[in-house]
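The values are calculated or read from the model by the stated rules, or taken from the named source; none is laboratory data. This is a predicted model, so every value here is computed, not measured. As a convention, Cβ positions derive from the backbone with ideal geometry for all residues, glycine included, and neighbour counts pool all protein chains shown.
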């Protein structure tokens, strides 16, 4: 069937049945633990023609979601939902909450989003039954922002999300009847604990530090940017390093990637405690808590600060590329991100897996009041 979306005024009514995967266990190529999705992935291949036709449809969907974030107007989202249907109303409210979080974060940060652009890769499309199509896609979204006192200086980061949708054709439109996707903001939707004005004023007084990385740090950063899963190099945009197993199905790939950065790029030597061979690694290599404990306990790294965002955001300006942030939730380290750059105010930017991030402000997605930040300096 030919989808002539260029000639049809599609009205997308999004009827989500949201089953959001936890942020700490989301991943690039093995996202979906749901049996329906696994069966769908294993059931044959999609035609390239069908992929391209649905690509345009989904690009329009993500463009409209992005426009809502830039404008700060959640009303723009309503055109995608039938608010008379309960599951669709819930979906709208969930999406609006995420949009409002980004707006609140930008106010805390003293920034404005200039524009957002999404790259969509369709992995599979199949007609599951007459008129009902299943789509799996990967999305890399570029966020361009500026600080309110320097509107001509544009900063940039990229986030990856992965989606499974069911689209049903009704006359000349498609209704999204089901969607699962990795949620980079699952631990970030409550900013009541953050005193925005105090933080905003402090950030605006900062400037990017003078920093010349040594060769090991430079190589570590290059490796991180290449294999983060949302690389700006088109050849690697949706790829991990195939030398390593993607450990997301085992509980997460963030520590594995942080270890790769240190070994492949930073030149750190393996040993009995911190090791990877074949497709398996030690706890210190693969586990977020184990990785943090090993790096600090071995003397290869040391603390800069530890505590809530309010307690640590000033100390974060002392972080440098090659350092890492360990995120604590309910007394356990659940995620690791590597610092790979600064923005124009010297704010640390991190790169990681789970979900895939490239040069993202380190606290974005981690704003709930039960999150504790461990800011760690690595001794290269």
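Within the range 248-262, being surrounded by fewer than 24 Cβ atoms within 10 Å (Cβ to Cβ) and more than 18 Å from residue 327 (Cα to Cα) holds for 249, 250. Just wondering, is there one or more residues in the range 40-49 that are at pLDDT 55 or above and assigned to a helix (DSSP H, G or I)? Yes, because at least one residue in the range 40-49 is at pLDDT 55 or above and assigned to a helix (DSSP H, G or I). Contact map, the range 100-127: residues that are at positive phi paired with residues that are outside any helix (DSSP H, G or I), Cβ distance under 7 Å, separation 6+ or inter-chain. Pairs shown: 110/147; 110/148. Among the numbered conditions (1) surrounded by fewer than 16 Cβ atoms within 10 Å (Cβ to Cβ); (2) touching a strand residue (DSSP E or B) at 6+ places or on another chain (Cβ under 9 Å), the only one that residue 168 does not meet is (1).
Counting only residues that are assigned to a helix (DSSP H, G or I) and either touching a residue at least 40 places away in the same chain (Cβ under 8 Å) or more than 17 Å from residue 217 (Cβ to Cβ) (or both), how many does the range 244-301 have? It would help to see each step written out before you state the result.
So the first thing to find is which residues in the range 244-301 are assigned to a helix (DSSP H, G or I), and the list is 248-250, 254-265, 283-286, 288-297.
The next check asks that each one be either touching a residue at least 40 places away in the same chain (Cβ under 8 Å) or more than 17 Å from residue 217 (Cβ to Cβ) (or both); those that pass are 248-250, 254-258, 261-262, 264-265, 283-286, 288-297.
Number satisfying all stated conditions: 26.
When the residues of the range 304-321 are filtered to those that are surrounded by 15 or more Cβ atoms within 10 Å (Cβ to Cβ) and assigned to a helix (DSSP H, G or I), the one that is farthest from the chain's Cα centre (by Cα) is 315.
Among the residues here, residue 139 does not qualify as modelled with pLDDT of 80 or more, in a helix (DSSP H, G or I) and surrounded by 16 or more Cβ atoms within 10 Å (Cβ to Cβ).
Tally the residues that are part of a loop (DSSP other than H, G, I, E, B) and either in contact with a strand residue (DSSP E or B) (Cβ under 9 Å, 6 or more places away or on another chain) or more than 18 Å from residue 321 (Cβ to Cβ) (or both), restricting the search to the range 207-221.
Taking the range 207-221 first, the residues part of a loop (DSSP other than H, G, I, E, B) are 207-214.
In the following step, the residues that additionally are either in contact with a strand residue (DSSP E or B) (Cβ under 9 Å, 6 or more places away or on another chain) or more than 18 Å from residue 321 (Cβ to Cβ) (or both) were identified as 208-209, 211.
Selection size over the range 207-221: 3.
Across the range 81-99, the qualifying residues are those that are more than 13 Å from residue 365 (Cα to Cα) and touching a helix residue (DSSP H, G or I) at 6+ places or on another chain (Cβ under 8 Å), and the one among them that is modelled with the lowest pLDDT is 82.
Take the residues of the range 174-199 that are more than 30 Å from residue 89 (Cβ to Cβ) and out of contact with any helix residue (DSSP H, G or I) (no Cβ under 6 Å at 6 or more places or on another chain): which is surrounded by the most Cβ atoms within 10 Å (Cβ to Cβ)? Give the derivation first.
Of the residues in the range 174-199, the ones more than 30 Å from residue 89 (Cβ to Cβ) are 195, 197-199.
Filter again for out of contact with any helix residue (DSSP H, G or I) (no Cβ under 6 Å at 6 or more places or on another chain), leaving 195, 197-198.
Values: 195: 9, 197: 10, 198: 12.
By that ranking, first place goes to 198.
Looking at this structure, is residue 231 out of contact with any strand residue (DSSP E or B) (no Cβ under 8 Å at 6 or more places or on another chain), under 24 Å from residue 117 (Cβ atoms) and surrounded by 17 or more Cβ atoms within 10 Å (Cβ to Cβ)? Steps first, please.
Working: out of contact with any strand residue (DSSP E or B) (no Cβ under 8 Å at 6 or more places or on another chain): no; under 24 Å from residue 117 (Cβ atoms): yes; surrounded by 17 or more Cβ atoms within 10 Å (Cβ to Cβ): yes.
No, not satisfied.
The set of residues in the range 200-221 being surrounded by 14 or more Cβ atoms within 10 Å (Cβ to Cβ) and either free of Cβ contacts under 8 Å to residues at least 40 places away in the same chain or within 14 Å of residue 380 (Cβ to Cβ) (or both) consists of 213, 216, 217, 218, 219, 220, 221. Scanning the range 71-80 for residues that are surrounded by 20 or more Cβ atoms within 10 Å (Cβ to Cβ) and either out of contact with any strand residue (DSSP E or B) (no Cβ under 6 Å at 6 or more places or on another chain) or at pLDDT 90 or above (or both) yields a total of 1. Output the number of the condition that residue 224 fails; it satisfies all remaining conditions of (1) touching a residue at least 40 places away in the same chain (Cβ under 8 Å); (2) surrounded by fewer than 21 Cβ atoms within 10 Å (Cβ to Cβ); (3) part of a helix (DSSP H, G or I). Unmet condition: (2).
Taking the numbered list (1) assigned by TED's automatic domain parsing to the domain that holds residue 278; (2) within 22 Å of residue 291 (Cβ to Cβ); (3) surrounded by 15 or more Cβ atoms within 10 Å (Cβ to Cβ) in turn, residue 236 passes all entries but (2).
Restricting to the range 348-380, name every residue that is part of a loop (DSSP other than H, G, I, E, B) and either modelled with pLDDT under 95 or surrounded by fewer than 23 Cβ atoms within 10 Å (Cβ to Cβ) (or both).
If the condition is that a residue be part of a loop (DSSP other than H, G, I, E, B) and either modelled with pLDDT under 95 or surrounded by fewer than 23 Cβ atoms within 10 Å (Cβ to Cβ) (or both), then 354, 355, 364, 365, 366, 367, 368, 369, 370, 379, 380 are the ones that fit.
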